[in-house]
Amino acid sequence: MTDRLDSLTDLKKEAKTICTRPQMLERAYGIGLTDDELEKLQTSVAEWVARFMRVRFFGPADGKHNNFNFMDVLGVEDNIWTPTFGLKGKIDATVLIKKDGQLMTTPLEFKTGSTKSQKRQPIKSDHVGQVSLYTLMMSTKYGPIQEALLYYISDDSMSIHPPRNLELQQLLMNRNKLVRSTTLSEGDLPYLPRPDGIDYEFKCKTCEVRNICTLQIRKNKRPENELMNTEKALLANCNLSDEEFDFFEQWMKVINAETEEVEKRYNDKNLWTLDPEVREGSGTCIANLKLVGDSVPWEDSCGKAGFLASFEKKGSSSQFLANLKVNDFIALSSNVEVCINYGVIVSLRDNEITLFLDQTLHKEYKSGNFTYSVDKINTTSPIASQYGYLMKLMNDTPEAERLRQYIIMKKQPNFKKLLLPDPQLQQIVNDLNTEQSRLNWKSQSTDSFLFVKGTPGSGKTASIVRLLKALVYAKKSVLVVSYTGMALEHILKKFKEDNDEFIKINSSSAAEDSLRSHTTKELSNSVTSIAELTELYNKPVVGTTLLSLKHPIFQVRRFDYCIVDEASQALPTAVFEL
Ligand code: SF4
């Protein structure tokens with residue numbers, strides 16, 4: 001970066017280029033920024049980078065700002081996997097510094113907060129613990145790490161910390177205790193020993209997984225005298241009923257079973273334990289690759305920045321044996337490190353594979369004396385989402401409590417009386433049969449939900465489309481959700497016959513031609529501001545599959561109605577996200 005950007009003007013231009021990429025505009029929209037706010041942020045980030053580089057990076061070790069000199073940046077957002085310790089993580093930056101005449105490789109962790117706002121404990125012990133862990137992880141690659149750097153952006157405060165070896169030892173012992181307890185247990189909710197010193201008032205009271213943590217203690221039914229005080233306090237302060245507890249337990253079993261199935265397909269664990277050649281035998285890895293040329297900066301079709309790198313298969317067979325294909329998510333490993341980079345396969349031909357990587361390769365990999373392997377990985381987001389939904393549903397919040405009443409305690413909906421529809425609305429539904437008409441009116445009059453069952457061919461899709469039209473006519477916003485993309489496209493194509501005020505959350509490559517211009521990918525690619533994006537995303541009807549509920553649109557918009565097609569395939573916990 002310092003080669004290309006040597007003035008504040010250059011930095012501001014670069015910040016603007018980055019912030020007007022479709023993906024960045026979508027994220028900014030998702031967190032509710034306006035164009036003015038985004039522009040101010042660009043300027044302040046550019047100014048901060050310029051100041052950081054001038055004072056912190058190139059500034060002298062004068063004891064005022066720095067007690068050391070920065071010599072080089074070895075990596076940014078480094079993935080470090082250490083099978084030796086069973087740890088993995090992403091380090092903000094790996095830097096080379098010179099302190100007291102000695103060169104040292106250290107992790108540098110950026111924190112957005114300020115030390116001044118935390119009067120009781122200016123530098124958080126969690127943060128020091130975090131960088132201490134990084135020193136341990138980095139030691140398998142760089143040898144013993146003597147220092148770690150913590151930088152608080154808000155008040156420009158840099159501190160240097162030697163690793164706390166005793167605390168690290170304790171941390172790993174606690175982790176091992178937890179793993180042992182999980183693997184020895186035959187139940188679905190093993191007893192997880194809580195570390196000593198966790199205080200209910202100080203930590204648990206505001207912990208967002210408090211209810212789940214308590215349910216897990218209840219399930220284990222340990223004798224009172226074996227419980228820690230924190231565990232007793234958690235039990236005493238939990239208001240969940242037995243029905244709610246059973247619901248949680250049953251759905252944990254379902255999600256765990258689903259996770260096991262996914263793990264069988266991907267075998268991510270093998271990355272930690274098996275050689276690449278053995279993994280290649282199972283068809284999820286391509287081993288013995290050589291880097292061709294260098295990695296080059298590249299932007300994908302969504303405006304996501306990364307690096308392109310090509311690799312060639314060496315050895316007796318020039319054929320790719322694995323079941324990998326274009327667009328698969330992968331982990332790239334070298335013969336000396338596991339998982340140095342994540343990415344996506346861009347092309348696979350003859351004996352060459354090209355990857356779109358999150359990060360450029362470290363300088364040391366440019367010498368060409370390494371072999372690489374590419375493993376197909378599970379991005380886990382659908383399963384992780386299910387755990388997340390379940391956790392939110394069991395949370396101690398009024399919204400979770402309300403939803404539990406309907407989903408678990410089977411509270412029935414109330415229906416209000418509707419006024420007679422106006423003639424045009426009557427026109428929309430006049431060719432529906434009696435049952436379909438009833439469904440239409442009941443859907444509009446429920447105070448919470450309406451559950452509709454129908455055999456194939458009974459006219460569910462026709463009813464949904466008519467309901468959509470009626471709701472849009474009544475100026476309501478509607479979210480249409482289905483489990484499969486095909487069912488969703490079927491509904492939207494029919495709706496489009498006389499109304500195109502809708503968008504579809506999807507990548508255009510997966511959308512039918514007739515719907516492509518309505519996809520968020522296509523729409524976001526054509527905009528240059530948050531205001532334009534907001535206008536495009538403000539259509540009354542939004543269609544999505546259950547797997548796309550993480551789109552930024554759902555952080556911003558709330559809908560008057562939500563129609564879930566193929567509801568029997570949706571986990572009830574997903575309702576929380578709708
Ligand atoms: S509620 Fe459970 S997970 Fe949360 S802080 Fe307390 S012991 Fe830890």
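The values are calculated or read from the model by the stated rules, or taken from the named source; none is laboratory data. From a predicted model like this one, the values you see are computed outputs, not experimental measurements. Quick reminder, even Gly has a Cβ in these numbers, built from the backbone with ideal geometry, and neighbours come from all protein chains shown. Each accessible area value is taken on the protein alone, full model and side chains, heavy atoms only, with ligands, DNA and RNA left out. Shrake-Rupley method; radii C 1.70, N 1.55, O 1.52, S 1.80 Å.
Yes or no: region 338-359 includes at least one residue that is loosely packed, with under 15 Cβ neighbours inside 10 Å, part of a strand (DSSP E or B) and modelled with pLDDT of 90 or more.
We begin by selecting, within region 338-359, every residue loosely packed, with under 15 Cβ neighbours inside 10 Å; these are 347, 349-350.
Of the ones still in play, those that are also part of a strand (DSSP E or B) are 347, 349.
From what's left, modelled with pLDDT of 90 or more: 347.
Yes, region 338-359 contains at least one residue that is loosely packed, with under 15 Cβ neighbours inside 10 Å, part of a strand (DSSP E or B) and modelled with pLDDT of 90 or more.
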Does Pro162 satisfy the condition of being away from the ligand (no atom under 11 Å from the Cβ) and either touching a helix residue (DSSP H, G or I) at 6+ places or on another chain (Cβ under 9 Å) or over 27 Å from Glu109 (Cα atoms) (or both)?
-> yes
List every residue pair whose Cβ atoms sit under 7 Å apart, with the two residues 6 or more apart in sequence or on different chains, where the first one lies in region 398-412 and is open to solvent by 70 Å² or more (accessible area, probe 1.4 Å) and the second, anywhere, is modelled with pLDDT of 90 or more.
-> Met409/Glu243; Lys411/Gln405
Which one of Ile255, Ile198, Ile212, Ile286 is more than 16 Å from the ligand (Cβ to nearest atom) and over 30 Å from Thr354 (Cα atoms)?
-> Ile255
Looking at region 385-498, what helices (runs of 4 or more DSSP H) fall wholly within it and have at least 1 residues that are under 21 Å from Arg557 (Cα atoms)?
-> 398-407, 434-445, 460-473, 485-496
Which residues, counting only those in region 469-494, are in contact with a strand residue (DSSP E or B) (Cβ under 8 Å, 6 or more places away or on another chain), surrounded by fewer than 16 Cβ atoms within 10 Å (Cβ to Cβ) and modelled with pLDDT under 90?
-> Thr484
From the list Leu215, Leu189, pick out the single residue that is modelled with pLDDT under 80 and surrounded by 14 or more Cβ atoms within 10 Å (Cβ to Cβ).
-> Leu189
Pairs only if they're at least six apart or on different chains, beta carbon under 9 angstrom, first in region 96-107 and over 13 Å from Pro144 (Cα atoms), second acidic (Asp, Glu) and surrounded by 11 or more Cβ atoms within 10 Å (Cβ to Cβ); list them, first residue then second.
-> Leu96/Asp72; Ile97/Asp72; Ile97/Glu147; Lys99/Glu147
Number of positions in region 513-538 that are surrounded by 17 or more Cβ atoms within 10 Å (Cβ to Cβ) and within 30 Å of Gly457 (Cβ to Cβ) | 3
Sole residue being assigned to a helix (DSSP H, G or I) and closer than 30 Å to Ser334 by Cβ, chosen from Gln130, Gln170 | Gln130
Limited to region 360-384, what total is found for residues that are out of contact with any strand residue (DSSP E or B) (no Cβ under 7 Å at 6 or more places or on another chain) and part of a loop (DSSP other than H, G, I, E, B)?
-> 3
Within the group Lys232, Lys221, Lys177, Lys203, which residue is within 11 Å of the ligand (Cβ to nearest atom), outside the structural domain of Glu337 (by TED's automatic domain parsing) and surrounded by fewer than 17 Cβ atoms within 10 Å (Cβ to Cβ)?
-> Lys203
Find all pairs meeting these conditions: Cβ atoms under 6 angstrom apart; at least six residues apart or on different chains; first residue within region 24-49 and farther than 23 Å from Phe554 by Cα; second residue in a helix (DSSP H, G or I).
-> Gln42/Ala15; Gln42/Lys16; Gln42/Cys19; Val45/Ala15; Ala46/Leu11; Ala46/Lys12; Ala46/Ala15; Val49/Leu11
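Looking at region 269-283, can you tell me whether even one residue there is within 11 Å of the ligand (Cβ to nearest atom), hydrophobic (A, V, I, L, M, F, W, C) and surrounded by 12 or more Cβ atoms within 10 Å (Cβ to Cβ)?
Start the filter on region 269-283 by keeping residues that are within 11 Å of the ligand (Cβ to nearest atom), which leaves none.
So far as region 269-283 goes, no, none of its residues is within 11 Å of the ligand (Cβ to nearest atom), hydrophobic (A, V, I, L, M, F, W, C) and surrounded by 12 or more Cβ atoms within 10 Å (Cβ to Cβ).
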Pull up region 124-147, narrow it to residues that are of a type in the set (Ser, Thr, Tyr) and without any contact (Cβ under 8 Å) to a residue 12 or more places away in the chain, then point me to the one that is least open to solvent (accessible area, probe 1.4 Å).
-> Ser139
Top-ranked residue in region 40-68 [being at pLDDT 85 or above and among the aromatic types (Phe, Trp, Tyr); ranked as surrounded by the fewest Cβ atoms within 10 Å (Cβ to Cβ)] | Trp48
Give me the pairs, please: first residue somewhere in region 353-378 and under 16 Å from Lys314 (Cβ atoms), second residue anywhere and aromatic (Phe, Trp, Tyr) and in a loop (DSSP other than H, G, I, E, B), beta-carbon distance under 6 Å, and either six or more positions apart or on two chains.
-> none
Sole exception among (1) open to solvent by 30 Å² or more (accessible area, probe 1.4 Å); (2) within 16 Å of the ligand (Cβ to nearest atom); (3) part of a loop (DSSP other than H, G, I, E, B); (4) not β-branched (Val, Ile, Thr) for Leu240, by number | (1)
